[in-house]
Amino acid sequence: TGPIDEYYGYCFRALQYRSLRFETEVLDIPNYQGVAGMNYTDTEHPYTRIIEHKHFLFGAGNPGKTVITREYPAEWKCGDEPYYPVNDMANGELYRRYEELSKKENNLRFGGRLGTYRYLDMDQVIMQAMEDAER
């Protein structure tokens, strides 16, 4: 479920996305934050999230070390990994043009965040795929 604008060769122009940059670090401590993911929504931190991988693995890995990844917001340009659609009127209108173009296709569905140009959580994406498959 890739970007709908990329599928059509950006024929109307590229939609805007927000991207991410990741920095991973191995720490010589058994535990860094006690949970798999911690969000940082304040202005004091340049990153938005820290993932501590061992908490996804239920105790797997080296007990004396831990691995964390900091997630930073990043500007997006064509060729970068798009993560989040930019939800504003200009991009909404541009998406609708691509959506109209997609209605002329047979046996083609666009889904997920990038295909429908909407911020969706994974449970919503899975439900969307199941409903599409049923149709």
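The values are calculated or read from the model by the stated rules, or taken from the named source; none is laboratory data. Nothing here was measured: the structure is a model prediction, and the numbers come from that model. We place every Cβ from the backbone using ideal geometry, glycine too, and count neighbours over all the protein chains shown. Protein only, heavy atoms only, side chains kept; ligands, DNA and RNA dropped before computing areas. Shrake-Rupley method; radii C 1.70, N 1.55, O 1.52, S 1.80 Å.
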### Message
Applying a 10 Å radius around every beta-carbon, put 7-20, 27-40, 107-120 in order of their mean neighbour count, most first.
### Response
107-120, 7-20, 27-40
### Query
In degrees, nearest 10, range 0 to 90: what is the angle between the Cα axis of helix 122-134 and the longest Cα principal axis of the chain?
40 degrees
### Message
Rounded, prolate or oblate for the range 1-68? Axes are the square roots of the Cα gyration tensor eigenvalues, ordered a ≥ b ≥ c, and the cut-off for rounded is a/c under 1.5.
### Response
prolate
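For the chain, which whole-number percentage of the solvent-accessible area (1.4 Å probe, protein heavy atoms only) is attributable to carbon and sulfur atoms?
53 percent
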### Query
How many Å² of accessible area per residue for the chain, probe 1.4 Å?
68 Å²
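Between Asn106 and Thr24, what is the FRET efficiency for a Förster distance of 35 Å, r being their Cβ-Cβ separation, to the nearest 0.05? Could you put the intermediate results ahead of the total?
Details: r = 43 Å, r/R0 = 1.24.
It comes out at approximately 0.20.
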### Message
Name the residue from Ile29, Pro82, Val67 whose Cα lies farthest towards the positive end of the charge dipole of the chain, charges +1 on Cβ of Lys and Arg and -1 on Cβ of Asp and Glu.
### Response
Pro82
### Message
Tell me the relative contact order for the chain as a rounded percent, counting alpha carbon contacts under 8 Å between residues six or more apart.
### Response
32 percent
## Note on the structure
Kirkwood Rh for the chain from C-alpha pairs, in Å, is 17.4 Å
